[in-house]
Amino acid sequence: MAELHSLRLKANLLVDGVNFEPGALDEVGTLFKEQNHGLFGWDFANHKGIDLPDDFMLSDGTVTQFRFNPSSSYTMLVRDGELVVERSGETLDSVSLIPRPKYYDSVTESGAVMRQIAQIGGEDCFFVCYQNYCSHFAKGEECAFCNLVSTKKTYDSVLTRKDVNDIGEVAAAAFSEGMCEHILLTGGCFSRQKETALVADIVQSIRSALGTAAVPGTILPSATTNEDDMRRYRDTGIGALGYSMEIWDEAIYKAFCPGKAMNTSHDAFFNAIGKAVRIFGPGNVYGVFVMGLEPRKSFIEGVRTLSAIGANVVPFVWSPNPGSMLEGHRAPTAEWYVDTILEAAEIVCESGTPSGTANHCYRCDGNSLLHDALRLKGVT
Ligand code: SF4
């Protein structure tokens, strides 16, 4: 049963990050799942050489991303044999780490280390970034909140490009362990034809590995308004499609995402999402946002507009992470996030758009608050 105090605590832990006491996290990387930096780094400070959790669970099952911040007033420690989060000596909640998948130490037939190909997001999501590269960085036109390149340089913990057959092999190993329910697939910038073919091949490789007709999960390719591409994606058997629109307000979007905005305008994203809803069905298309870079009013307007056309929203809580242009800035307060996401959840519920939790759920990742706010309303 989801609880409001967990939503508030999660918001605080995402906005302020968390520190830890010696001994609290010694079994991360052996018994418990460690960060492998499959895409971005979300911590406030780099921690090369120190295994830290990807995410953890609050006592009511709320999955929360671990964002290391040595200056945070929140601390994870062992108290009376139990892992807890404290602030100023007050225990706020007991927490638990997520078991480490066995396949993390396995190797594919081609010799690739499996955790360098795909990682588990949250408790149940098989996550693949098929290419850790983005051409916007070369021209200084990257999104201001993005640290993709510096994360790769700092940790170098995943393969930049992944082989299609290797991905299928890792999916078979991961799903056979019984913890995966969904997949999430994303990548960098490609030519449209190449990306469509590659994503279709990857989903088909996963589908063959699973031996199923459908693949529960979501792909996040570059946005296209080409309906043939969308149908090609749908015909792979993938359940849902998402486009990373990042920011609803058009002027702020252009300012924070200069390279991306030149390729795909606000209107092009909106058209692409609308077309995708007609092809994938209501509830099976997502607009993905970075929440906290624009005013509440425009974010809410985006949620209202997309919900009205049958799309869902995944709003990640912004982290001013190292290596991004916004490193050292501050996110809005946790109270702002809680109030705004509760309003967003109300709008989503009233819209009647199906929840889409068959393809992406609150257990898939710990850096969004919307699933948790929806759970308070009985949407699971
Ligand atoms: S499009 Fe933006 S968010 Fe995505 S990888 Fe490139 S710079 Fe980062």
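The values are calculated or read from the model by the stated rules, or taken from the named source; none is laboratory data. Remember, predicted model here, so these are calculated numbers, not experimental data. Glycine gets a Cβ as well: all are built from the backbone with ideal geometry, and neighbour counts include every protein chain shown. Just so you know, the surface numbers come from the protein's heavy atoms only, side chains and all, with ligands and any DNA or RNA stripped out. Shrake-Rupley method; radii C 1.70, N 1.55, O 1.52, S 1.80 Å.
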- prompt: Applying the selection to region 251-289, what residues are within 12 Å of the ligand (Cβ to nearest atom) and either in a helix (DSSP H, G or I) or surrounded by 23 or more Cβ atoms within 10 Å (Cβ to Cβ) (or both)?
  reply: Tyr253, Phe256, Cys257, Pro258, Gly259, Lys260, Ala261, Met262, Asn263, Phe289
message: Test of understanding: among Lys152, Lys139, Lys162, which residue is among the charged types (D, E, K, R), within 14 Å of the ligand (Cβ to nearest atom), assigned by TED's automatic domain parsing to the domain that holds Ile117 and within 20 Å of Gly121 (Cβ to Cβ)?
response: Lys152
- prompt: Checking Leu77 against (1) within 19 Å of the chain's Cα centre (by Cα); (2) part of a strand (DSSP E or B), which single condition isn't satisfied?
  reply: (1)
Of the criteria (1) of a type in the set (Gly, Ala, Ser); (2) in the same structural domain as Thr62 (by TED's automatic domain parsing); (3) within 16 Å of the ligand (Cβ to nearest atom), which one Gly89 fails: (3)
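Here's the yes/no breakdown for (1) within 14 Å of the chain's Cα centre (by Cα); (2) part of a helix (DSSP H, G or I):
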| site | (1), (2) |
| --- | --- |
| Leu9 | no, yes |
| Pro22 | no, no |
| Leu25 | no, no |
| Asn36 | yes, no |
| Ala45 | no, no |
| Asp51 | no, no |
| Phe56 | no, no |
| Asp60 | no, no |
message: As an exercise: evaluate Thr333 against (1) open to solvent by less than 20 Å² (accessible area, probe 1.4 Å); (2) touching a residue at least 40 places away in the same chain (Cβ under 8 Å); (3) under 21 Å from Asn12 (Cβ atoms) and give the number of the one condition it does not meet.
response: (1)
task: Consider Gly323 carefully, then state whether it is in contact with a helix residue (DSSP H, G or I) (Cβ under 7 Å, 6 or more places away or on another chain) and either assigned to a helix (DSSP H, G or I) or not aromatic (Phe, Trp, Tyr) (or both).
output: yes
query: Restricting attention to region 120-136, which residues are within 15 Å of the chain's Cα centre (by Cα), open to solvent by 20 Å² or more (accessible area, probe 1.4 Å) and within 16 Å of the ligand (Cβ to nearest atom)?
result: Phe127
- prompt: Any idea which residue in region 71-119 is surrounded by the fewest Cβ atoms within 10 Å (Cβ to Cβ), counting only those that are among the hydrophobic types (A, V, I, L, M, F, W, C) and in contact with a Lys or Arg (Cβ under 9 Å, 6 or more places away or on another chain)?
  reply: Ala112
